[in-house]
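Enquirer: Before anything else, here's the structure in question.
The values are calculated or read from the model by the stated rules, or taken from the named source; none is laboratory data. Bear in mind the structure is a predicted one, so any value in this text is a computation, not a measurement. Here Cβ is always computed from backbone atoms with ideal geometry, including for glycine, and neighbour counts include all displayed protein chains. With ligands, DNA and RNA removed, areas are computed over all heavy atoms of the protein, side chains included. Shrake-Rupley method; radii C 1.70, N 1.55, O 1.52, S 1.80 Å.
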Amino acid sequence: MELDRGHADVVLIVDDAPDNLSMLHDALDEFGYTVLVATNGEQALQRAAQALPDVILLDALMPGLDGFEVARRLKAEAATAGIPVIFMTGLTETEHVLAAFRSGGVDYVAKPIRPMEVLARIAAHVQGARERRQARNALDAFGHATLAVRAADGRILWQTPLARQMHGWLGAHEAGGGARLGEGVLDWLQAQAVVQATGGTPQPLTLARHGRRLVVRLHEASAASGGASGGDDEWLLVLNESSDESTIEALGLAFKLTAREAEVLYWVVQGKTNRDIGDILGTSPRTVHKHLEHVFEKLGVETRTAAAGLALTRVRQLAAGR
């Protein structure tokens, strides 16, 4: 059960050394934090899942589950993936520092622990966590279907209630589901992240299946990890679905087209190229061209412009009841 956050930020300290726990507990308590403790990896995972602390101070070397494995497991669960993890370690060689960041850490402090340094690091990461939580609450309040995902692997870190209710969207469009994005959507995300990072304007991804359309837009990125590591960016994706079924069905009936031919004609009317249509329908531009040849033949036209004009006219007539 998540703690009441109205009074103090929550810090979970994970260390198998009682002296370290006592020193850090006293220092954090004095500065107004609510402090939870765990003395081993299993206990840390359980308390993190129950309390969802604002930040975790994690000893790197412990019997049983070490800190690196604990961090990996925390980052693998949607509920705890966004919690900043600060490693405490006496191993300051580059390979160990990199291991801490690769397993999901956002920062590290070297042992022997200096309480004031720890407090400064915690304050910075707690502020970032608070801002992300407020942003998520705002998205929830405005009813957006929004996912936060890691660009590195497509893992879904969290989602708004509307996105959870409509979780079948991604699966229905073969764009992912469960804990990760599908490969095609992940490729799009990674490409658009580069576009945005270089000052360009990200383009939405449109997926169509059986007359239903899913549009995925890149909203923004906020450093989910931050700190010295740089970390993986947490990207926000906004989902919108609409139905083109009635229009596509009308085109099929009006011109005696197959379902796929009607879909191709519909997207021609929308001004899409063969490559665009192939991406939307999950097929090759060459296959789209073949369908379009059949459409031209059935409509008695020779160009895309003529086909689009005829289709628009017919749809308007049907809408007017003629």
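Enquirer: Looking at GLY105, GLY154, GLY128, which one is closer than 29 Å to LEU239 by Cα, buried (at least 16 other Cβ atoms within 10 Å of the Cβ) and at pLDDT 75 or above?
Expert: GLY154
Enquirer: Report, by residue number, each residue of the range 35-61 that is part of a loop (DSSP other than H, G, I, E, B), among the hydrophobic types (A, V, I, L, M, F, W, C) and either open to solvent by less than 10 Å² (accessible area, probe 1.4 Å) or touching a Gly at 6+ places or on another chain (Cβ under 6 Å) (or both).
Expert: Across the range 35-61, the qualifying residue is only ALA60.
Enquirer: Can you tell me which of (1) modelled with pLDDT of 85 or more; (2) open to solvent by less than 50 Å² (accessible area, probe 1.4 Å) is the one THR258 doesn't meet?
Expert: Condition not satisfied by THR258: (2).
Enquirer: Please name all residue pairs, on different chains or six or more residues apart, with Cβ atoms under 7 Å, provided the first residue is in the range 269-286 and is over 18 Å from ASP244 (Cα atoms) and the second residue is open to solvent by 60 Å² or more (accessible area, probe 1.4 Å) and in a helix (DSSP H, G or I).
Expert: ASN274/HIS289; PRO285/ARG275
Enquirer: Ok, one more. Checking the structure you have, find out if any residue of the range 177-191 is of a type in the set (S, T, N, Q), closer than 21 Å to GLY282 by Cβ, at pLDDT 60 or above and assigned to a helix (DSSP H, G or I).
Expert: yes
Enquirer: On to the next question. Being buried (at least 21 other Cβ atoms within 10 Å of the Cβ) and within 25 Å of the chain's Cα centre (by Cα) is the filter here; which residues of the range 83-100 pass it?
Expert: Once the filter is applied, which keeps residues that are buried (at least 21 other Cβ atoms within 10 Å of the Cβ) and within 25 Å of the chain's Cα centre (by Cα), the range 83-100 yields ILE83, PRO84, VAL85, ILE86, PHE87, ALA100.
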